[in-house]
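**Q** The structure under discussion is supplied below as structure tokens; questions concerning it will follow.
The values are calculated or read from the model by the stated rules, or taken from the named source; none is laboratory data. Note that this is a predicted model, so its numbers are computed, not measured. With ideal geometry, Cβ positions are generated from the backbone for all residues, glycine too; neighbour counts draw on all protein chains shown. Just so you know, the surface numbers come from the protein's heavy atoms only, side chains and all, with ligands and any DNA or RNA stripped out. Shrake-Rupley method; radii C 1.70, N 1.55, O 1.52, S 1.80 Å.
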Amino acid sequence: MGGAERLVVDLALFLNKKNIEIDILILKGGESPLLEKLDPTTNIQVFCLTQKGSVYNPIHIFRLKKYFEKYDIVHVHLFPALYWSALTKFFGGKKNKLIFTEHSSNNTRRRYWLLKYIDRKIYKRFDAIITISKAVDKNLKKHLGKKFKSRIHLIYNGIDVNTILDAEGYSKTEIDNLPEEARVILQVSTFRYPKDQKTVISAMKLLPKYVFLLLVGDGNLKQDCEKHAKDLKVDDRVIFLGLRTDVPKLLKTSDFIVLSSYYEGLSLSSIEGMASGSPFLATNVPGLTEVVENAGLLFQPKDHHALAKLIISLLEDPIFYGETVHKCINRAKEYDIDSMAVKYINLYNTL
């Protein structure tokens, strides 16, 4: 349910409408609400290499080969698919075109000289590399060096803005029996680093009792966040909703949309948040600042006091609230999926 997975599904649907034959291959099977969006009439097939075992098993290199032979372009997202795809091509995969989309402005491999050296060998196997924001573009070029600049292309992530703009929200009482007068904060993100739901939970301690927090997503840090809410005695106002397929409706129900993170690539959740019709607040970090600045509101990482102060300002000043909403919606429209997908198609054609 992360941003990269959503991009894969949304892009596949768009390309299918343009009469491009496209299928999706995932390393490991499992249920995903995203796959429900793939209407059977689209003829998009979904394959998985394995139902069990680890995605880090090198045997995937050889399992991929039979799939590579059937396609003109192999478009890869995320690690370890990055490594397995490059090595599949190295060990005799069909001479098709290999593309990688870099979603993150940082990762652990970039901290160690040996892994950095291996990374450069891996990225060298790709005919084109797409970066999704200025921060991702700058950091990847620094990581890989000058020799890669000609094959790196910046294409901003996009969403179907109208899906968010046209959605209808719930009544507050339909969500965990919230009081109708409740004011609701929403964060949609996985419970994994670099996301930082703890800062938003901490801000709840400083906010009025009629303010509630909805947290959508799942991941290994969820239990830690649940404990944090209990320790602060705000667990009665922090609601963990798990994975949801009704995010547009939840966005329209909420009064404030927040994304607290230590860094991002270019978050689709941030664009959706700005299209929601509510003020969007985010941490002032790479991958978020360039999208949110001069539209939504920024606060420093881990500064729950600053976040609470911004929310209180919005609560107390309807004019400030309305101006922020207007700026956010206009910014979101700059990241529509149609523009993004056309740039992908143009890149495919040039290859």
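**Q** Taking the Cα centroid of the stretch 177-201 and of the stretch 37-86, what is the distance between the two, rounded to the nearest whole Å?
**A** Their Cα centres are 33 Å away from one another.
**Q** OK, next. For the stretch 248-343, what's the relative contact order in percent, using C-alpha pairs closer than 8 Å and at least 6 residues apart?
**A** Once normalised by length, the contact order is 27 percent.
**Q** Scan the stretch 1-59 for trypsin sites (Lys or Arg not before Pro) in coil per DSSP, keeping those whose Cβ has at most 15 other Cβ atoms within 10 Å, and list them by number.
**A** Passing both the DSSP loop test and the Cβ count: K18, K52.
**Q** In the chain, what % of DSSP beta bridges are antiparallel (nearest 5)?
**A** Antiparallel bridges make up about 5 percent of those DSSP assigns within the chain.
**Q** Students often forget the sequence filter, so: which lysines lie under 20 Å Cα-Cα from K146 once same-chain residues fewer than 8 apart are removed?
**A** K116, K121, K124, K134, K138
**Q** Hey, another quick one. Can you list which of the chymotrypsin sites (Phe, Trp or Tyr not before Pro) found in the stretch 22-94 are DSSP loop residues with at most 16 other C-beta atoms within 10 Å?
**A** Y56, Y71, F91
**Q** Something else now. If the reach is capped at under 17 angstrom between alpha carbons, list the lysines near K209, excluding any in the same chain fewer than eight residues apart.
**A** Cα-Cα hits under 17 Å: K172, K230, K233, K309.
**Q** Hey, got a sec? Which chymotrypsin sites (Phe, Trp or Tyr not before Pro) in the stretch 171-256 land in a DSSP loop and have at most 14 other Cβ atoms within 10 Å?
**A** Qualifying residues, ordered by number: Y210.
**Q** Identify, among I22, S278, N139, the residue whose Cα sits farthest towards the positive end of the charge dipole of the chain, taking +1 on the Cβ of Lys and Arg and -1 on the Cβ of Asp and Glu, with the dipole about the Cα centre.
**A** About the Cα centre, the residue reaching furthest to the positive side is N139.
**Q** Suppose R0 equals 35 Å. What FRET efficiency, 1/(1 + (r/R0)^6) with r the Cβ-Cβ distance, do I118 and D317 give to the nearest 0.05?
**A** Calculated value: 0.10.
**Q** Compute the long axis of helix 318-332 from its Cα atoms, compare it with the longest principal axis of the Cα atoms of the chain, and write down the angle in degrees, 0 to 90, nearest 10.
**A** Rounded to the nearest ten degrees, it is 10.
**Q** To continue, here is another question. Provide the per residue accessible area, probe 1.4 Å, for the chain, rounded to a whole number of square angstrom.
**A** Ligands and nucleic acids excluded, the result is 49 Å² per residue.
**Q** Then there's this: Quick one: dipole size for the chain, taken about the Cα centre, charges +1 on Lys/Arg Cβ and -1 on Asp/Glu Cβ, in debye to the nearest 20.
**A** Approximately 2440 debye in magnitude.
**Q** Which percent of the accessible heavy-atom area of the chain goes to carbon and sulfur, probe 1.4 angstrom?
**A** Carbon and sulfur together cover 51 percent of it.
**Q** Shifting gears a bit: Based on alpha-carbon centroids, what's the gap between the stretch 118-167 and the stretch 245-316 in Å, whole number please?
**A** Centre-to-centre distance over Cα atoms comes out at 23 Å.
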